[in-house]
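Each remark here refers to the structure printed beneath this line.
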Amino acid sequence: MLLIFGRQAQFRIHFNGENIYFVGKMDVSTNNRDVVQSNIDYGKIQMLLTFVKKNYQTDNVILVFSPDSDSKLIDLVKENNFQTIELKASNYKLWQFPTDSHWSCYGHEEAAKQVSKYLEQISLR
């Protein structure tokens, strides 16, 4: 199972009836990734990761993070022994449409190349 995380849109995870992760509403009419304001409650994320590890099989879960993902969140996920793929981009703006920050065909292609390469590497182990 692959789960892909980014910074741009509203993203929420609900746990025990409350939002435990929320990235604020963005103006999608412009490409504004440079001014993203996130309010991540790392303590609640840790609660979620602990709950998931305790109650679910996670050996086959790989969390994929876009190049602009929060580094502290990635570190927390890794500290909890989840497999991760951190997508890399020398110029991340090229992955996005000029009028908003959704990935273009090029961005999806670059992400697919990196994910495919990782999956090939782990299948050879």
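Select from segment 95-110 the residues that are over 13 Å from ASP68 (Cβ atoms) and hydrophobic (A, V, I, L, M, F, W, C) and list them in ascending order. Selection gives PHE97, CYS105.
Going by the structure shown, is SER69 of a type in the set (S, T, N, Q) and in contact with an Asp or Glu (Cβ under 9 Å, 6 or more places away or on another chain)?
Taking the combined requirement at face value, the residue satisfies it.
Answer yes or no as to whether ILE85 is at pLDDT below 90 and crowded, with 16+ Cβ neighbours inside 10 Å. Taking the combined requirement at face value, the residue does not satisfy it.
Table: residues versus (1) modelled with pLDDT of 90 or more; (2) out of contact with any Pro (no Cβ under 8 Å at 6 or more places or on another chain); (3) charged (D, E, K, R); (4) at positive phi.
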| site | (1), (2), (3), (4) |
| --- | --- |
| GLN10 | no, yes, no, no |
| LYS25 | no, yes, yes, no |
| LYS44 | no, yes, yes, no |
| ASP59 | no, yes, yes, no |
| LEU63 | no, yes, no, no |
| ASP75 | yes, yes, yes, no |
| ASN81 | yes, yes, no, yes |
| LEU94 | yes, yes, no, no |
| ASP100 | no, yes, yes, no |
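Reported count of residues in segment 71-125, each being of a type outside the set (D, E, K, R), under 23 Å from ILE40 (Cα atoms), out of contact with any Gly (no Cβ under 9 Å at 6 or more places or on another chain) and in a helix (DSSP H, G or I), is 5.
The values are calculated or read from the model by the stated rules, or taken from the named source; none is laboratory data. Everything numeric in this text was worked out from a predicted model, so none of it was measured. Ideal geometry is used to build each Cβ from the backbone, glycine not excepted, and the neighbour counts take in all protein chains shown.
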